[in-house]
1. Return the residue satisfying two criteria in turn: it lies in segment 30-57 and is at pLDDT 95 or above and among the small types (Gly, Ala, Ser), and of such residues it is farthest from Val130 (Cα to Cα).
2. Being more than 19 Å from Pro13 (Cα to Cα), modelled with pLDDT of 95 or more and either within 14 Å of the chain's Cα centre (by Cα) or among the aliphatic types (A, V, I, L, M) (or both), is that true of even one residue in segment 74-94?
3. Taking interchain pairs and intrachain pairs at least six residues apart, which have beta carbon atoms under 7 angstrom, with the first residue in segment 125-137 and touching a residue at least 60 places away in the same chain (Cβ under 8 Å) and the second among the small types (Gly, Ala, Ser) and assigned to a helix (DSSP H, G or I)?
4. For segment 46-86, which positions are outside any helix (DSSP H, G or I) and on the phi < 0 side of the Ramachandran plot?
5. Collect the residues in segment 100-121 that are modelled with pLDDT of 80 or more, open to solvent by less than 80 Å² (accessible area, probe 1.4 Å) and β-branched (Val, Ile, Thr), keeping them in residue-number order.
6. Of everything in segment 1-29 that's closer than 20 Å to His119 by Cα and at pLDDT below 90, which residue is surrounded by the fewest Cβ atoms within 10 Å (Cβ to Cβ)?
Amino acid sequence: MDSFAQHLVWFLPMLWLGMVLAISFLEAPLKFRAPGITVPLGLGIGRIVFRALNTAETVWAALLLIACVVLGPSTSVWVWLGVAVVALAIQLVVIRPPLTRRSNQVLAAGEDLGRSTVHYYYVAFEVVKVVALIGLAIVAAP
């Protein structure tokens, strides 16, 4: 069991990292450049994609925490994992609700609200997660 848990502690951060990089830093900004994509359509797609990403991230975080409890890894593994989990929690509990309210206004009422600064906070925590996941994968590498 320890060997399996050890592999999870190395593999899952890399999987999680790949998902964040592909969706947050590639798909999200490019979607609005596609022909025919309106702001409401892009927001609708983004909500579905980020809900799926955040669900997967929550599962990866839970599995990583369980694997670390089984392994009892070094303090550096716990620190990097803690940073990633806290960044995700802040995104889900603090940042996502205002983003959801804002997108509801655009989608339901058709309001044009211009650019949102709240997105910058979400992106900042994505960068924190990326750094933490790279650090976690490095310190957990077999």
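1. Ala52
2. Yes; the residues of segment 74-94 include at least one that is more than 19 Å from Pro13 (Cα to Cα), modelled with pLDDT of 95 or more and either within 14 Å of the chain's Cα centre (by Cα) or among the aliphatic types (A, V, I, L, M) (or both).
3. Taking only residues 6 or more apart or on different chains, the pairs are Glu126/Ser24; Lys129/Ala84; Lys129/Ala87; Leu133/Ala84; Leu136/Ala84.
4. Pro73, Ser74
5. Passing the criteria: Thr100, Val118.
6. Narrowing segment 1-29 to residues closer than 20 Å to His119 by Cα: 17, 19-29.
Remaining after also requiring at pLDDT below 90: 28-29.
Working: Ala28: 20, Pro29: 10.
Restricting to residues being closer than 20 Å to His119 by Cα and at pLDDT below 90, the top hit is Pro29.
The values are calculated or read from the model by the stated rules, or taken from the named source; none is laboratory data. No experiment lies behind these values; they were computed from the predicted model shown. Here the Cβ is made from the backbone with ideal geometry for all residues, glycine too, and neighbour counts use every protein chain on show. Just so you know, the surface numbers come from the protein's heavy atoms only, side chains and all, with ligands and any DNA or RNA stripped out. Shrake-Rupley method; radii C 1.70, N 1.55, O 1.52, S 1.80 Å.
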